[in-house]
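Okay, so here's the structure we're looking at.
The values are calculated or read from the model by the stated rules, or taken from the named source; none is laboratory data. Predicted model only: the values in this text are computed from it and were never measured. Neighbour counts run over all protein chains shown; Cβ positions are idealised from the backbone, glycine included.
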């Protein structure tokens, strides 16, 4: 059995939670709509009729007025109770969602209860309008009964005025409720629209606004004129000018209020859509719209969110694609499509490889090996990119860089040679005692997509690639660690060619043609200082270096 203290504590916690939700404002909006409708009815009966037919409530006995006030209080309380009973599943669902959010856990809940709560939350504006019409009908009957001695001559007018007031109250209440309960609708529509739920669309909302701003007041004016013509009123028709004028002014005010409400209900999602579009145009694919409507406006919001999610996924795939194959290759593939095969291109090739990577992996922890390789490749990618090339592939501890494909380069040989010199200077402080070899070649090659239709890659195939790889093997044996072919140097601009010294001719493994070597000037002098007899050895065929390249 729950103690009184525990029960009071639960009630206090529930009240504090309710205060932070839109439901108190929702209740006040119900009261506000009823007050507006009541003012319309009593204003029409008091000022919308000629003097001879006006209904003066002060002519009623005070007991009748007090009784009518009590009835109104109980009718509103009854409507509030019905609304609360309908909302109890929503309260439980919201409390459960709030607790789960605070605890950052996933709780088990009955899907049927959740679906019922979401449906009730979204249908609440309609339920609220239906409840208002019901207790307005009861209130109208009670009013006619307790004021019979005053209104018995104009009962049709009173009934019509009450009906029009009920319609105005229901429409204003519906439009207000939709706006007030947007935070609840956002949560209810987070997992999609509940089944069999159809919310009023833009056309129906416009019709409701027309009914509120034009239909109700104009109908009241028409009924007043007809009542005068049909002698239902005691006053002559020529005395209806002032009441009709007042009702026309009331139509202007009510029409403005209704138009503002429905315009805001349509403009708000469009304004949010415009903001979200601007964010997406600026590259922010995390922008999304809050769905607080189950009509076509909500479908528009949901469709935009789905589109942005698809764009974000495509951008992510494009980014990953670019990281794997190179940004230029990715852009070219997206713009022109891909097909197997290639075309002949004049390219320069730079091949770089570490020395003793197997021993490195055997003597150091895997994480340290990965860090060394990542830092090595970072320097390679940055240097190659600065000179207009792209790293075509990574092969273990080696990298192949291409200049002149897939994007043509105005001076591929110069760029590759300059990148090789920069890599030498940039890798020494990064690798420390680790050695490497760099080979540069240039010539005609096939560049394109090689493989099968289900799996292919962009690459370059031809003699320059083979020559660069063999030069890299030979460069590992030299103190300078950088070798290029004389053909590549001859194809470079003078400013770059003067930075290289052409040396001996060797036969590289796997090639029938001889290759004349070239070294950067400062590295060539270093090589001569370390091995002064290298010149004599270079004249012999094959030399020690040549033998290493040939094996």
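Yes/no matrix, rows are residues, columns are (1) within 24 Å of residue 226 (Cα to Cα); (2) surrounded by 15 or more Cβ atoms within 10 Å (Cβ to Cβ); (3) at pLDDT 80 or above; (4) not assigned by TED's automatic domain parsing to the domain that holds residue 182:
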residue	(1), (2), (3), (4)
20	no, no, no, no
31	no, no, yes, no
45	yes, yes, no, no
60	no, yes, no, no
63	no, no, yes, no
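Note on the stretch 400-421: residues that are in a strand (DSSP E or B) and surrounded by 24 or more Cβ atoms within 10 Å (Cβ to Cβ) total 3.
Assess whether residue 353 counts as being at pLDDT 85 or above and touching a strand residue (DSSP E or B) at 6+ places or on another chain (Cβ under 6 Å).
Values: at pLDDT 85 or above: yes; touching a strand residue (DSSP E or B) at 6+ places or on another chain (Cβ under 6 Å): yes.
Considered against the rule, which asks whether it is at pLDDT 85 or above and touching a strand residue (DSSP E or B) at 6+ places or on another chain (Cβ under 6 Å), residue 353 comes out as yes.
Among residues that are within 24 Å of residue 516 (Cβ to Cβ), surrounded by 13 or more Cβ atoms within 10 Å (Cβ to Cβ) and at pLDDT 90 or above, residue 383 is not included.
Taking residue 228 as the residue in question, decide whether it is modelled with pLDDT under 70, part of a helix (DSSP H, G or I) and surrounded by 15 or more Cβ atoms within 10 Å (Cβ to Cβ). It is true that residue 228 is modelled with pLDDT under 70, part of a helix (DSSP H, G or I) and surrounded by 15 or more Cβ atoms within 10 Å (Cβ to Cβ). Is there a residue in the stretch 266-283 that is over 30 Å from residue 404 (Cβ atoms), at pLDDT below 70, buried (at least 16 other Cβ atoms within 10 Å of the Cβ) and not assigned by TED's automatic domain parsing to the domain that holds residue 403? No: the stretch 266-283 contains no residue that is over 30 Å from residue 404 (Cβ atoms), at pLDDT below 70, buried (at least 16 other Cβ atoms within 10 Å of the Cβ) and not assigned by TED's automatic domain parsing to the domain that holds residue 403.
Considering (1) under 25 Å from residue 513 (Cα atoms); (2) at pLDDT 90 or above, the lone condition that residue 422 does not fulfil carries the number (1).
Scan the stretch 102-110 and tell me whether some residue there is modelled with pLDDT under 75, farther than 20 Å from residue 220 by Cα, assigned to a helix (DSSP H, G or I) and in the same structural domain as residue 42 (by TED's automatic domain parsing).
Yes, because at least one residue in the stretch 102-110 is modelled with pLDDT under 75, farther than 20 Å from residue 220 by Cα, assigned to a helix (DSSP H, G or I) and in the same structural domain as residue 42 (by TED's automatic domain parsing).
Please enumerate the residues belonging to the stretch 121-163 that are surrounded by fewer than 16 Cβ atoms within 10 Å (Cβ to Cβ), over 54 Å from the mean Cα position of the chain (by Cα) and more than 17 Å from residue 71 (Cβ to Cβ). Passing the criteria: 149, 152, 153, 155, 156.
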